[in-house]
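Q: Please read through the structure below; I'll follow up with questions.
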Amino acid sequence: MACWSMFDFGIRFVWQFRVLLERAVAAEGEIGHAPLRESRRIVFTLAALFSLDAFGGGFIVQSMLALWLFERFDLSLATAAAIFFWTGLLTAFSYLVAVRIASRIGLVNTMVFTHLPSSILLVLVPFMPTLEWAVALLIVRSALSQMDVPTRNSYVMAVVAPRERAAAASVTAVPRSLAASLSPLLTGYLLSVSTFGLALVIAGCVKITYDLLLLATFRAVRPPEEVESC
């Protein structure tokens, strides 16, 4: 399962990175490409924040989460498969909902105010007394936790100079992958020490910190489309 989780993460990372590059390449004939200059500060700040979020997410990769559920609640393989099916389905559906929410409250607000509740739910999961309650929180969380993915990509492309979008895509995507690769090592150690679910608490707290920092830093930095619509 650990190998499959790593493979799944790699596929999703490559897909997201490819989408960002394709958007930049589509405009190459008109605007060309350039290294980061005028957008350097905002891109580096976003890259640091996104890496913090990815580091928190690395604590709860599916393989580690399934292992914790097995150790804590003696979860069966069939039940685990059903859980991850429904969480994956809700996650995919949430991408579509995120577009509608962003059109109403803006990209940054959508990223924060959908992601923050999901992070709080993650912190609460280890305190649930039964498998049913833990799974219920995880399922609700899955409907919220990934709404920041399409909005995050859109926001990065909107707030950087058009000629620097390809460079921005690389600088914000690659550090996320590196940060996410570190935390599973800590998760394995935490699981060997206790079955309480400390890794989930840490992941949730890291993600809450990311949400609050993102809101404080970029709430006033609005994409041109949102400024024009006011």
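Just so it is clear, none of the values below were taken in a lab; they were calculated from the coordinates. Because the structure is a prediction, the values reported are computed rather than measured. Neighbour counts run over all protein chains shown; Cβ positions are idealised from the backbone, glycine included.
Q: Considering (1) in contact (Cβ under 8 Å) with a residue 60 or more places away in the chain; (2) of a type in the set (V, I, T); (3) farther than 30 Å from N153 by Cβ, say which one V112 fails and leave the rest.
A: Only one criterion in (1) in contact (Cβ under 8 Å) with a residue 60 or more places away in the chain; (2) of a type in the set (V, I, T); (3) farther than 30 Å from N153 by Cβ is unmet by V112, namely (3).
Q: Any chance you could count how many residues in the range 127-170 are among the small types (G, A, S), in contact with a helix residue (DSSP H, G or I) (Cβ under 7 Å, 6 or more places away or on another chain) and under 26 Å from S103 (Cα atoms)?
A: Going through the range 127-170 one residue at a time, the tally reaches 8.
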